[in-house]
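To keep things clear, I will list the structure first and then write my remarks on it.
The values are calculated or read from the model by the stated rules, or taken from the named source; none is laboratory data. A quick note: this is a predicted structure, and the numbers were derived from the prediction, not measured. FYI the Cβ positions are ideal-geometry reconstructions off the backbone, even for glycines, and counts take in every protein chain you see. Quick note on the areas: whole protein, heavy atoms, side chains included, nothing else; ligands and nucleic acids left out. Shrake-Rupley method; radii C 1.70, N 1.55, O 1.52, S 1.80 Å.
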Amino acid sequence: MSGTIEVKELVKRFGGLTALDGVGFSAEPGQVLGIIGVNGAGKTTLMNCICGIYRPDSGSIRVAGVDVTGRSPHEIAHQGVGRTFQIPRVFGRMSLVDNLLVPVLDRKLPDRQLLEQAEAVLEQMRLIDLRHNHADELSGGQQKLLEMARMLMPDPKVVMLDEPFAGVHPQLCRFMIEQIESMRDGGKTVLLISHDLTSIYRLSNTVIAMNQGKVIASGGVADIRSNQQVIEAYLGD
Amino acid sequence: MSILILNGLVNGLIVGAIYAMLGLSLSLLYGVLRVVNFAHGELVIAGSFAAYVLFSVAGLPPLASAPIAAVCFFLFGWLAYYLLIPRLSRSDDPETMSFLLMYGLSITLAAAMLLAFGADSRSIDYEFNPVSLAIGPVYIATARLYALGVTIVITLMMGWFLFRTLPGKALRAAQMNREATQIVGVNIVRLSALAFAIASGIAGLTGVLIALVFPAFNPFSGAEYSIIGFIVIVLGGLGNPVGALIAGIFYGVAEQMASVFLPQALAQIVGFAILVGTILLRPTGLFGWRAMR
């Protein structure tokens with residue numbers, strides 16, 4: 001139950017557009033749930049609803065058994081949900097270390113301890129040599145790593161990664177895949193959005209395919225690969 | 001002539017340091033809340049009146065009333081935030097509503113001061129001993145030197161707070177990306193309340209310094225200081241507190257030098273000329289975000 005996420009009948013409308021139309025799934029700790037779908041299918045809107053950027057019109061989201069539907073982003077983060085964005089939203093004019101200290105503002109730990117923790121996470125992400133640089137001096141790929149490091153700093157139970165491999169060098173992609181495997185093996189629940197199907201199929205235990213705000217298929221990798229609806233809507237022929 | 005220029009430079013630096021305080025507090029507020037506080041000048045003048053009351057009623061010298069004003073205005077800002085600002089987020093158009101709200105608050109504060117103190121200009125009849133100090137060929141009013149000292153202390157304290165403490169780092173993070181700051185677990189409402197309270201505290205303290213340095217103030221003076229504050233934050237780059245500090249000093253020196261070289265009527269429009277020129281030529285401000293590095 002510690003990092004279980006359960007989403008039921010989630011609906012989000014923007015005016016006349018229904019971006020999410022009764023989306024539901026669940027994922028357990030130690031699992032990677034891959035989320036695929038064409039652009040505009042509702043994948044990022046789903047993550048935005050889970051992390052509190054958008055308030056869903058109906059449906060429910062439970063994290064570790066706690067209903068977090070419609071709560072504010074910081075409350076959801078405190079419940080153990082972390083995320084990254086397709087275009088990294090790092091704090092550009094702050095050092096890498098300071099980027100990692102912002103999420104632990106409320107931790108009642110000595111500054112020294114927090115600093116050591118931040119440096120350990122940066123070490124893990126191979127960014128330690130750049131720790132005093134400003135985030136906006138990093139390359140796009142490094143910024144994605146930094147955002148991942150910032151997400152990991154408060155040790156979340158559920159991590160949501162939005163297109164982590166988009167525009168990233170293959171070598172860095174491989175390193176990111178290792179990091180995601182390490183998160184999964186460390187008992188985190190991972191939700192992964194990607195258009196890189198090879199990576200999705202390699203990492204995911206379960207995949208959901210979305211189209212026009214609906215889940216059109218869910219199941220194991222083999223099921224999704226052979227699902228005719230998915231092939232028609234997303235993979236083409 | 002060279003003494004006149006030197007005098008202009010020194011006074012510009014001191015007046016500019018006070019303008020920098022205006023810019024610092026306004027910039028902090030805009031950066032974190034994205035709210036343009038039209039009532040900032042009225043808060044500043046309320047600080048001047050607070051110093052006036054503390055001196056007239058309790059005999060407290062302005063320098064002693066400065067920390068009292070800072071704390072009282074900090075608390076006022078904290079309360080005012082929770083009373084006024086969170087309601088804006090429920091509006092469909094929070095930015096336009098914030099303009100109207102702050103303009104209304106500005107009128108209300110000015111009217112309250114008018115009711116309490118009347119329309120006459122006031123000044124604090126307090127003199128330092130000696131009244132002025134000679135530094136080389138330049139005579140500087142002791143009050144101005146003290147005011148400069150206070151601004152330096154506040155700047156150092158704010159620098160320490162913003163760059164060395166976790167809440168300060170969170171405030172800077174919110175200036176850079178408000179949404180990402182919330183996503184990583186920072187309570188943005190509480191952080192915004194802190195920014196509003198700090199900005200109000202600095203505004204109150206700046207008001208005390210204005211009462212100390214400038215000859216007089218009245219309930220209508222607030223608009224003038226709001227405008228100066230806006231010029232300073234546009235010059236320094238919106239939401240950039242370090243840029244606001246530098247821009248404040250730049251503006252103060254430009255204003256004082258203009259009064260040395262230009263006729264009185266022309267000198268008064270220098271600030272606006274700088275503002276218009278900056279918006280036309282460099283809309284991100286003279287320092288953009290580089291000064292934060």
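Miscellaneous remarks
- Buried accessible surface for the A/B pair, both sides summed and rounded to the nearest 100, is 2300 Å² with a 1.4 Å probe.
- Apportionment of accessible area to carbon and sulfur, the protein assembly as shown, percent (1.4 Å): 58 percent
- A:R202 - accessible surface, heavy atoms, 1.4 Å probe, Å² rounded to 10: 140 Å²
- Global geometry of the range B:2-292, whether rounded, prolate or oblate, following the gyration tensor of its Cα atoms and the 1.5 cut on a/c: prolate
- Burial of accessible area (probe 1.4 Å, heavy atoms of protein chains only) in the range A:45-72, relative to its chain alone, reaches at least 20 Å² for A:I53.
- Per-residue mean of foreign Cβ neighbours for A:92-98 is 4 (Cβ atoms of other chains, 10 Å radius).
- Only protein heavy atoms count here; under a 1.4 Å probe, B:L100 has an accessible surface of about 110 Å².
- Calculated FRET efficiency for the pair A:Q124/B:T108, C-beta based, R₀ 56 Å, to 0.05: 0.55
- Reachable lysines, given that their alpha-carbon falls under 21 Å from the alpha-carbon of A:K108 and they are not under 8 places away in the same chain: A:K157, B:K169
- Neighbouring partner chain Cβ atoms per residue of A:74-81, average, 10 Å criterion: 4
- In this structure the range B:187-293 gives 39 Å² per residue of accessible area when probed at 1.4 Å with all protein chains present.
- Across B:L54, B:L266, B:L194, mean-square fluctuation computed from a Gaussian network of chain B (C-alpha pairs under 10 Å connected) peaks at B:L266.
- Degrees, to the nearest 10: B:270-281 long Cα axis against longest axis of chain B: 40 degrees
- Ranked order, B:D93, A:D106 - accessible area, probe 1.4 Å, largest first: B:D93, A:D106
- Under the criterion of Cα pairs below 8 Å and six or more residues apart, the relative contact order for chain A equals 28 percent.
- Of all DSSP beta bridges in the range A:48-195, antiparallel share, percent nearest 5: 25 percent
- Computed from backbone phi with θ = phi - 60° and the Karplus coefficients 6.51, -1.76 and 1.60, the 3J(HN,Hα) list for the range B:91-105 is 7, 6, 10, x, 5, 5, 5, 5, 4, 5, 4, 5, 5, x, 5 Hz; x is used for glycine and proline.
- Count Lys and Arg as plus one, Asp and Glu as minus one, and take only other residues whose Cβ is under 12 Å from that of B:S192; the net charge is then +3.
- Choice from A:Q117, A:Q79, A:Q143 showing the highest fluctuation, given a GNM over chain A with Cα pairs closer than 10 Å: A:Q117
- Separation of alpha-carbon centers, the range B:64-134 and the range A:56-122, rounded to whole Å: 35 Å
- For the range B:182-204, heavy-atom accessible area (probe 1.4 Å) falls by no less than 50 Å² from the chain alone to the full protein assembly at B:I183, B:V184, B:G185.
- Under 10 Å, Cβ to Cβ, from A:K43 - net charge with Lys/Arg +1 and Asp/Glu -1: -2
- Accessible area in square angstrom per residue, the range B:58-156, 1.4 angstrom probe: 61 Å²
- For A:A209, net neighbour charge (Lys/Arg +1, Asp/Glu -1) across residues whose Cβ lies under 13 Å away: +1
- Computed accessible area, A:E181, all protein chains, 1.4 angstrom probe, square angstrom: 40 Å²
- Between B:P263, B:P219, B:P61, the residue with the greatest mean-square fluctuation in the GNM of chain B (Cα pairs under 10 Å linked by springs) is B:P263.
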